[in-house]
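Reviewing the structure listed below.
The values are calculated or read from the model by the stated rules, or taken from the named source; none is laboratory data. Given the structure is predicted, the values throughout are model-derived calculations rather than measurements. Positions of Cβ are generated from backbone atoms using ideal geometry, with glycine treated the same way; all protein chains shown enter the neighbour counts. Note: areas computed on protein heavy atoms with side chains; ligands, DNA, RNA excluded. Shrake-Rupley method; radii C 1.70, N 1.55, O 1.52, S 1.80 Å.
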Amino acid sequence: MAEEVIAMQDVKRSYTVGDSCVYALRGISFSIRQGEFVAIMGPSGSGKSTCMNMIGCLDRPTAGSVRINGRETESMSERELAELRNRTVGFVFQQYFLLPSMTVLENVMLPLRYAGLERHERRELAEEALAKVGLQERMGHRPSELSGGQKQRVAIARATVTKPKIILADEPTGALDSATGKAVMRLFREINAAGTTIVIVTHDPRIGAGSRRCIRILDGSIQSDTVQEPDVQAEVPGDA
């Protein structure tokens, strides 16, 4: 059986807003094994983004246990969390977050600089990652010269260049047209087929329908956790 890469046990997260206490997570528990393709679904304010932040080591629980790649995160220092995050999780966001002053190649090389690799190694790995997403001809372009779909593919190349165990994607097709969104989801499936765990946080039921496993969160609690035959045709509407 594949190893467990994400485990959340009775995780609670609350925030103080003025004189009130807001509960974002109310004791959720689930685990995800290496190689799974999982959608975490819920409407705005459901707690799915807080759940994403726990998986990505961007936040700590108020109570409960979060284990990423076998390591308990709640007692780790900020430096230890950053190291775990940089080595284990690749992030893909709806808004891309590419640096406009850098070329496509330089954007993809950036995480490798933080990993301490020499420049020639960074360049070689970044070129390889961009070739895998079909953008080897765009390496010298700036983000402003790319379409939305191309920007998202650059973001995916940047997320995968460090060869993380987990890709964590937040509404990755939300800013794309339907045909481009389908192409991006096909790319995620290809990455998953090579063994990388994919976790997509979304409010879109079509993404959930196209995932092997769907965890639904509402009001900070898990409503359902189902394994299903993915319906990739329902994933993103369009002809492409």
Q: Over the chain, with every protein chain in place, what whole percent of the accessible area is carbon and sulfur at 1.4 Å, could you tell me?
A: 47 percent
Q: At q = 0.12 Å⁻¹, work out log10 I(q)/I(0) for segment 1-136 with the Debye formula, treating every Cα as an identical point scatterer and leaving solvent out; two decimals please.
A: -0.62
Q | Spatially proximal lysines relative to residue 165 (Cα-Cα < 24 Å; intrachain offsets below 8 disregarded) | A | 48, 132, 151, 182
Q) When the Kirkwood hydrodynamic radius is evaluated over all pairs of different C-alpha atoms of segment 59-144, what value in angstrom, to one decimal, is obtained? A) 14.9 Å
**Q.** Relative contact order of segment 137-240, defined on C-alpha pairs under 8 angstrom at six or more residues apart (%)
**A.** 26 percent
Q | the chain: most fluctuating residue of 23, 15, 114 per GNM, C-alpha cutoff 10 Å | A | 15
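I'd like to check one number: the per residue accessible area of the chain, probe 1.4 Å, reported in Å² as a whole number. Walk me through the numbers on the way to the answer.
Numbers: 11490 Å² over 240 residues.
Averaged over the residues of the chain, the accessible area is 48 Å².
Taking only Cα atoms of segment 137-240, what ratio of Rg to Rh do you get with Rh as the Kirkwood inverse-distance radius? Numbers along the way, then the final one.
Working: Rg = 14.5 Å, Rh = 14.7 Å.
Taking Rg over the Kirkwood Rh, I get 0.98.
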Q: Compute the separation of the alpha-carbon centres of segment 15-83 and segment 196-225 and state it in Å as a whole number.
A: 15 Å
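Using 0.36 nm per residue, how much length does the chain from residue 99 to residue 226 gain when fully extended, once their Cα-Cα distance is taken away?
On the way: separation 127, 0.36 × 127 = 45.72 nm, distance 3.77 nm.
The span from residue 99 to residue 226 would gain 41.9 nm if fully extended.
Could the peptides 67-74, 156-163 be put in order, highest first, of the mean number of other beta-carbon atoms found within 10 Å of their residues?
Working: 67-74: 16.1, 156-163: 22.2.
The densest-packed peptide leads the list: 156-163, 67-74.
Rounded to the nearest angstrom and ordered from largest down, what semi-axes does the equivalent ellipsoid of segment 78-199 get from its C-alpha gyration tensor (root of 5λ)?
Working: eigenvalues 84, 64, 35 Å².
Three semi-axes, in Å: 21, 18, 13.
How many percent of all Cα-Cα pairs in the chain sit more than 34 Å apart? Show your work: numbers first, answer last.
Numbers: 4288 of 28680 pairs.
In whole percent, the long-distance tail amounts to 15.
In deg cm²/dmol, rounded to 500, what helix-only [θ] at 222 nm does the chain give when every DSSP H run of at least 4 residues adds -39500 (n - 2.57) and the total is split over its residues?
Numbers: 8 runs with 82 residues, N = 240.
So the helix-based figure for the chain works out to -10000 deg cm²/dmol.
Hey, can you rank 96-108, 183-195 by average C-beta count inside 10 Å, highest first? Don't skip to the end; give the middle numbers.
Details: 96-108: 18.3, 183-195: 16.8.
Packing order, densest peptide first, comes out as 96-108, 183-195.
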